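Novice: Supplied in structure tokens, the structure appears directly below.
The values are calculated or read from the model by the stated rules, or taken from the named source; none is laboratory data. From a predicted model like this one, the values you see are computed outputs, not experimental measurements. Every residue, glycine among them, receives a Cβ derived from its backbone with ideal geometry; neighbour counts consider all protein chains shown.
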Amino acid sequence: MRDKDDNYSLRELVIIILLLALITAWIGQQFFGKHIPDAMFYAFASLVAAGVFGYSLEKRSPGAGGPTWL
């Protein structure tokens, strides 16, 4: 779970946890008939989307190692 500068970041960890919660909620709703409030489902999806969008906006710090074409 590293960011574009190859540093550890909690944002990536939170995205993974929320993605797992989203998939678990969907599986529970589809296959086990557990009712998941729509607002909670959409909140998880929105938080995952916001994290991924934030990652796409993140720029590599000047002087950071790695290829420059990423």
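Novice: Specify the residue that is surrounded by the most Cβ atoms within 10 Å (Cβ to Cβ); the eligible residues are those in the range 30-58 that are out of contact with any Lys or Arg (no Cβ under 8 Å at 6 or more places or on another chain) and in contact (Cβ under 8 Å) with a residue 24 or more places away in the chain.
Specialist: Step one: filter the range 30-58 for residues out of contact with any Lys or Arg (no Cβ under 8 Å at 6 or more places or on another chain), giving 30-50, 52-53, 56-57.
With the extra rule that they be in contact (Cβ under 8 Å) with a residue 24 or more places away in the chain, the set shrinks to 44, 47-48, 52.
Working: PHE44: 21, LEU47: 17, VAL48: 18, VAL52: 13.
Within the range 30-58, the match that is surrounded by the most Cβ atoms within 10 Å (Cβ to Cβ) is PHE44.
Novice: Sticking with this structure for a sec: Please determine, by comparing only the residues of the range 2-16 that are closer than 17 Å to LEU47 by Cα and surrounded by fewer than 14 Cβ atoms within 10 Å (Cβ to Cβ), which one is modelled with the highest pLDDT. Step through it out loud before you land on a result.
Specialist: Filtering the range 2-16 down to residues closer than 17 Å to LEU47 by Cα leaves 9-16.
Narrowing the set further to residues that are surrounded by fewer than 14 Cβ atoms within 10 Å (Cβ to Cβ) leaves 10, 13, 16.
Working: LEU10: 78, LEU13: 82, ILE16: 85.
Filtering the range 2-16 for residues that are closer than 17 Å to LEU47 by Cα and surrounded by fewer than 14 Cβ atoms within 10 Å (Cβ to Cβ), the one modelled with the highest pLDDT comes out as ILE16.
Novice: Where the second residue is loosely packed, with under 14 Cβ neighbours inside 10 Å and the first is among the charged types (D, E, K, R) and lies in the range 11-29, which pairs have Cβ atoms under 6 Å and are six or more apart or on separate chains?
Specialist: Hits for this filter: GLU12/MET1.
Novice: Return only the number of the condition from (1) part of a helix (DSSP H, G or I); (2) at pLDDT 80 or above; (3) among the small types (Gly, Ala, Ser) that GLY33 does not satisfy.
Specialist: (1)
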